[in-house]
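Peer 1: Just dropping this structure here.
The values are calculated or read from the model by the stated rules, or taken from the named source; none is laboratory data. Please read all numbers here as calculations on a predicted model, not as lab measurements. Quick reminder, even Gly has a Cβ in these numbers, built from the backbone with ideal geometry, and neighbours come from all protein chains shown. These accessible areas exclude ligands, DNA and RNA; they are computed on the full protein's heavy atoms, side chains included. Shrake-Rupley method; radii C 1.70, N 1.55, O 1.52, S 1.80 Å.
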Amino acid sequence: MNHTQSQFSSSDEDTGTMTTAQQSAGRSHLSASSGNSLTMGPNLGASRHWRDVFWLGIFLLHLVLVGLALGVFGLNRYTKKDRLNIDQYTNGILDSQAGLTEDYWPIYAIAGAISTVIGWVWLLLLGSRSNQMMKISVHLLTTYLAVLSVLCFWGKLYFWGFAFAIGSGLQFLYIMSVIDRLPFTMLVLQGAVKMVWKLPEVMRVACAFMLVMLLWLALWSFGAAGVVASSIGDGGRWWLLVVFSVSLFWTGAVLCNTVHVIVSGMVFLVLVHGGREAASMPRNPVLKSLRYAVTTSFGSICYGSLFTAAIRTLRWEIRGFRSKIGNNECLLCCVDFLFHLVETLVRFFNKYAYVQIAVYGKSFNHSARDAWELFQSTGVEALIAYDCSGAVLLMGTLLGGLITGTCAVVLTRHKHWDREMMMGSTAILMGMVLVGLAMVVVESAVTSIYICYAEDPLLIHRWDPEFFNQMSETLHQRLQHRSARVREGLSQNRHTDQTQETI
């Protein structure tokens, strides 16, 4: 009964949200007709305050410490075993099968080159084959994970076989749970691709940050190769690689979200000012967005990059599972508890914060809260909950990482078969980071489109009337769906009360 009441209260808000959205559209029409919509654009010439400086310091300190550790481990095995006499501190966990850094470093270099090519091919094919590439990402990932599972079982790598089998099963279940949402998801992604393809400077930003990531990966792979070649036992090597992988994940997320902020600011400007060539567009908008992203807003980016990706992934899985539970009240109660917990976290950690950071220069939590309140007050949150574009892009990123990891395993197996999974797992992360830098360009456009639609729907109408009509129709359908769930829950609640009174 409590569940039904909570369902009623949440959906009741959605019913009221429809009216709010209509009122917001009316206000947008008035503001657009008076020419005031341009005031929403970011004032790139204004000075901004530094935000989340503490996390900026933590990230830079982490880079220095991890960089030193990577250099030490790489040099210790470079051309000479135990060059820096580190083995004397690990006498209790030595392994007789030690190697050299240069045995593994070239394999990492090839893996980095493969993932870079995948990322660049993705960027090049965005304009002409985007829809096909999205479908390949969705359908091929499940098959690829299943094939990897079979190969691991065949090679007697049972742990990895079970891991890939579980991953394939979860991927298949998720696709089945959201298959009805994929047409709308493809519509949103095609709109985002249409936007970024007309902004060549955005593509150049993504390529530039891929080069920056490659420079850091040169040092990271040097240290990781030294760890794989070290005389420490397998347990010690795996722990060190996990620590360095967490560092790489954070660093890669920071670079991806920096691109996110730059692209979001540019897309928002284009939508607000009515086109890239508009007379009201500020000069050098990409350079100014880049300056703010790597200075005053960089601390907010470092802070958000720690938590946002994990919370988003957990939310996707819970939403997909929740929609297919049915009438199992006990299971639904447990999942609802997790769902509301994650929704609370999403209020303070969501990817739409990066648009607010780019446009207004706010702190991360302030930006995330404002963006989420904007979506809830206008009803656009129902549309975002229905959209799976972030999950589809993540599938493409995972597929690129898995292809890179497979190549690394094949190259390692010939000479160092006992280290193949160490090389493969770390190469997967390298591939995901580099391919993710290409994917984030599209994701940035998606988040900017939603923010603009929530603030002033007529901005989207001016940019693409057909796209606007399809989004508005879907939003209306989603709000009607939620209202129907409210009435159903209310009816069940009344029936339960009448039954209890009769008893």
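Peer 1: Order these peptides, 165-172, 243-250, 421-428, by their mean beta-carbon neighbour count within 10 angstrom, highest first.
Peer 2: Packing order, densest peptide first, comes out as 421-428, 243-250, 165-172.
Peer 1: How much length is gained if the chain between HIS49 and LYS156 is pulled fully straight, taking 0.36 nm per residue apart and subtracting their Cα-Cα distance, in nm to one decimal?
Peer 2: Result for the pair: 32.9 nm of gain on full extension.
Peer 1: Now a separate question. Apply the Karplus parameterisation 6.51 cos²θ - 1.76 cosθ + 1.60, with θ equal to phi minus 60°, to every residue of segment 237-251 and state each ³J(HN,Hα) to the nearest whole Hz, in sequence, with x for glycine and proline.
Peer 2: 5, 5, 5, 5, 5, 5, 4, 5, 5, 4, 4, 5, 4, 5, 4
Peer 1: Pop a pseudo-label 7 angstrom from the Cα along the beta-carbon direction at both ASP464 and ILE136 and give the gap in nm to one decimal.
Peer 2: Spacing of the two 7 Å Cα→Cβ label points: 2.1 nm.
Peer 1: If you stretched the chain out fully between LEU65 and VAL147, how much longer would it get, using 0.36 nm times the residue separation minus the C-alpha to C-alpha distance?
Peer 2: 25.6 nm
Peer 1: Pull up the cross-link candidates among the lysines for LYS80, meaning alpha carbon to alpha carbon under 26 Å and not fewer than 8 places away within one chain.
Peer 2: List returned: LYS415.
Peer 1: Could you order the peptides 178-184, 278-284, 226-232 from most to least packed, using the average number of other C-beta atoms within 10 Å per residue?
Peer 2: In descending order of packing, they fall as 226-232, 178-184, 278-284.
Peer 1: Quote the charge dipole size of segment 368-478 about the Cα centre in Debye, to the nearest 20; the model charges only the Cβ of Lys and Arg (+1) and of Asp and Glu (-1).
Peer 2: Dipole of segment 368-478, to the nearest 20 debye: 660 debye.
Peer 1: Further question: ALA113 to CYS207: FRET efficiency via 1/(1 + (r/R0)^6), r the Cβ-Cβ distance, R0 25 Å, to the nearest 0.05?
Peer 2: 0.95
Peer 1: Considering the Cα trace of segment 48-192, what is its radius of gyration and what is Dmax, both in angstroms?
Peer 2: 22.5, 60
Peer 1: Take the Cβ-Cβ distance between GLN190 and ALA385 as r, set R0 to 30 Å, and report the resulting FRET efficiency rounded to the nearest 0.05.
Peer 2: Once the sixth-power term is evaluated, E becomes 0.90.
Peer 1: When ranked by the protection proxy of mean other Cβ atoms within 10 Å per residue, highest first, what sequence do the peptides 398-406, 148-156, 67-75 form?
Peer 2: 398-406, 67-75, 148-156
Peer 1: Once amide H atoms are placed 1.01 Å from N in the peptide plane, what residues at a sequence separation of 5 or more from ILE232, or on another chain, have their amide H within under 5 Å of its amide H?
Peer 2: ASP95
Peer 1: Additional query: Around VAL205, with a cut-off of 15 angstrom between Cβ atoms, what is the net charge of the other residues, counting Lys and Arg +1 and Asp and Glu -1?
Peer 2: +3
Peer 1: Continuing with this model, one more query. Can you work out the FRET efficiency for the pair LYS198 and LEU287, with r the C-beta to C-beta distance and R0 = 22 Å, to the nearest 0.05?
Peer 2: Working from the Cβ atoms, E equals 0.75.
Peer 1: Right, next: Counting only heavy atoms of the protein chains, get the accessible area per residue of segment 113-271 (1.4 Å probe) and round it to a whole Å² value.
Peer 2: So segment 113-271 comes to 41 Å² accessible per residue, rounded to a whole number.
Peer 1: At 7 Å along the Cα-to-beta-carbon direction for both GLU102 and ASP180, put a label point, then send me their distance in nm to one decimal.
Peer 2: Reported label-point gap for GLU102 and ASP180 is 6.2 nm.
Peer 1: If you roll a 1.4 angstrom probe over the protein chains with everything in place, what fraction of the accessible area of segment 237-316 belongs to carbon and sulfur, to the nearest %?
Peer 2: With neighbouring chains kept in place, the figure for segment 237-316 is 69 percent.
Peer 1: Next up: How large is the Kirkwood hydrodynamic radius of segment 130-242, in angstrom, based on all distinct alpha carbon pairs?
Peer 2: 18.0 Å
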